[in-house]
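Encoded as structure tokens, the structure appears first; notes follow it.
The values are calculated or read from the model by the stated rules, or taken from the named source; none is laboratory data. Nothing here was measured: the structure is a model prediction, and the numbers come from that model. Positions of Cβ are generated from backbone atoms using ideal geometry, with glycine treated the same way; all protein chains shown enter the neighbour counts.
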Amino acid sequence: MSVVVCDSQAYDSLIGEMDRLEHAITIHQELARSSAFAGGGDSVDITAEILERTEQTALGQHLRNQLQRCEDALRQLERDGKRKCQKCNKEIEPERLRAIPYTTLCSGCSAELSRRQSSISLSLRASTRRTR
Ligand SMILES: [Zn+2]
């Protein structure tokens, strides 16, 4: 008996995305290793290096997070044969899954979330400007 996958296209794009992410993580790890030996220089260089290292770590974290989301999405797809929105529990639109295979939200909830996030960052920016 084989696993029935209703949306094979969503499945394929998830597998493709995971391949891409695993590849990116490998490259990222190699880069982090090779730059680990590039010590020395004056304090400006060191500051730049620390900044770069911090960015690299954040990127690595981001890539691993995305991979984790892909794995979760894949498990859900294998279990339920479809992908459901984490928020409203409706099925996520196939065209949205093709664009962002690892998404956990439908387009409606995602639009609402980004609206809320942009208003939060706007009010944050406004409040930092006021305290100066
Ligand atoms: Zn939703």
Apart from one, (1) more than 26 Å from LEU67 (Cβ to Cβ); (2) loosely packed, with under 10 Cβ neighbours inside 10 Å all hold for GLU95; the odd one out is (1)
Exercise. Any chance segment 79-88 includes a residue that's modelled with pLDDT under 90 and at positive phi?
Worked result: yes
Screening LEU97, LEU113, LEU122 for residues that are more than 8 Å from the ligand (Cβ to nearest atom), over 20 Å from the mean Cα position of the chain (by Cα) and of a type outside the set (Ser, Thr, Tyr) leaves only LEU122
Residue hits (segment 96-107; part of a helix (DSSP H, G or I) and under 18 Å from MET18 (Cα atoms)) are ARG96, LEU97, ARG98, ALA99
Contact list, first residue from segment 83-99 and closer than 18 Å to ASP12 by Cβ, second anywhere and near the ligand (Cβ under 7 Å from one of its atoms) and in a loop (DSSP other than H, G, I, E, B), beta-carbon distance below 8 Å, six or more apart or interchain, is GLU91/CYS85; GLU91/CYS106; ILE92/CYS85; ILE92/LEU105; ILE92/CYS106; GLU93/CYS106; ARG96/CYS106
Pairing a residue in segment 66-81 that is closer than 13 Å to ILE92 by Cβ with any residue that is surrounded by 14 or more Cβ atoms within 10 Å (Cβ to Cβ) and small (Gly, Ala, Ser), where Cβ atoms lie under 8 Å and the two sit 6 or more apart in sequence or on different chains, gives LEU77/ALA10
Exactly one of GLU91, GLU78 is among the charged types (D, E, K, R) and either under 15 Å from the mean Cα position of the chain (by Cα) or within 16 Å of the ligand (Cβ to nearest atom) (or both), and that one is GLU91
